[in-house]
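Structure first, then comments.
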Amino acid sequence: MIVKDRKVPVRILQLEALLRRLSVHHKKRGEIESDLAKRWAGYRGELSVDFHLNHLDDNYLIFLDVNLYYKNIHFQIDSLILTEAFALILEIKNIAGTLFFDSSFHQLIRKIHEKEEGFSDPILQAQRHQYLLSNWLHQNNYSNLPIRHLVVISNPSTIITAEKGDKHVHKVVCHASHLMNKLQQIKIDIPTPLLSSEHFQLLSEIILREQKAPSTNILDSYKISTTDIEMGVICPECSMKPMKRTHGRWVCPECNHQSKCAHEKTIEDYFLLIDNEINNQSFRKFTKISSRHTASRLLKKMYNPLSRPDLFNKKT
Ligand SMILES: [Zn+2]
């Protein structure tokens, strides 16, 4: 049973907002576009693994995209499966080509189109999450629950390889299609429930209560100044900016498109890029309108996508 669903990550929304508002000649565009493509690939990979988890019954509580904090250390788990007997962490990777898991040097090497590329070792990452989760459980008085981890490769055509006889990689890395078999094996290895159904439910509630993704300032991450951000309401038809406010509507000077609510997307961009709070003055500056009264009226109807990601995702 899926207890916590997955939504489009705020980081993806931030990167898209950034591309909408940087000059086409900005020197960071290439890097941002490449990062965005990787983030989308990662997210799509996670969704395709979620598909396999949909079939699990109510004895499995599934948390997708989990944010937890141990002593102020934030850790994000792609998927967490909880049973009364154990917890299972999934680290999901959507990487095409031939992968070599190098256990000696803890690196992941990908070969594709005759080229070699190194990635940080996802097994190490999963082990780190297991360590942090174990401490987090201890902190919440669930010390003894066994934890396992798996690295799941979401792309079915990816070839997984390792050093001959490397049993650990065989044990903890699998394709998504093999995930259910791995889960069954863990169930056989750890058959005895440790938690009462009451404690099981309570643990689920504690995890849900703690869900809060840390907010990161995307401009700081890319060392981009706010002065590089192009302001103004963007035309939903032709993407030109700024639209002009005339007689209670937004009008595009380029294609003449008219809209009553085009400013909403602009304010979403403001929240994603600049700050998670907005006042009348910043609103007028960002939407390029002069009337304080109009700004106040429009602002009252708005919400903040960072503080209400549930609403935000439903809307898009
Ligand atoms: Zn237009």
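Taking Cα atoms only, the orientation of helix 10-20 departs from the longest principal axis of the chain by about 40 degrees. Counting only DSSP beta bridges with both residues in the range 45-179, the antiparallel share comes to about 65 percent. Over the C-alpha atoms of the range 220-276, the Rg to Rh ratio, Rh being the Kirkwood estimate, stands at 1.04.
For K260 and I12, compute 0.36 nm times the residue count separating them, minus their Cα-Cα distance, and round to one decimal in nm. Walk me through the numbers before you get to the answer.
Working: separation 248, 0.36 × 248 = 89.28 nm, distance 2.63 nm.
Contour length minus Cα-Cα distance gives 86.7 nm.
Along the Cα-to-Cβ line of D166, 7 Å from the Cα, sits a label point; which residues in the range 83-110 have backbone N less than 20 Å from it? Only 90-110 pass the distance filter. Between the range 95-142 and the range 29-82, how many Å separate their Cα centres? After rounding, the separation between the Cα centres reads 14 Å. Applying a 4.7 Å Cβ-Cβ cutoff to the chain leaves C174, C261 as cysteine residues with no disulfide-compatible partner.
When you count, for each residue, the other Cβ atoms within 10 Å and take the mean per peptide, how do 253-265, 143-155, 106-118 rank with the highest first? List each step's numbers first, then the result.
Values: 253-265: 15.3, 143-155: 19.5, 106-118: 12.2.
The densest-packed peptide leads the list: 143-155, 253-265, 106-118.
Divided by 2.2 N^0.38 Å, where N counts the residues, the Cα radius of gyration of the chain comes to 1.18.
In the chain, what percentage of the DSSP-assigned beta bridges are antiparallel, given to the nearest 5? Before the final figure, lay out each step's value.
Working: 29 of 45 bridges.
If we restrict to bridges inside the chain, about 65 percent are antiparallel.
Kirkwood radius, the range 1-155, all distinct C-alpha pairs, inverse of mean reciprocal distance: 17.4 Å. Database remark: amide H of S103 closer than 5 angstrom to the amide H of E163 (H placed geometrically; neighbours at sequence offset of 5 or more, or on other chains; Pro and chain starts carry no H).
Taken together, the values in this text are just the output of simple stated rules run on the coordinates, not laboratory data. As the structure is a computational prediction, the values presented were derived from the model and not from experiment. Positions of Cβ are backbone-derived with ideal geometry, glycine not excepted, and every protein chain shown enters the neighbour counts.
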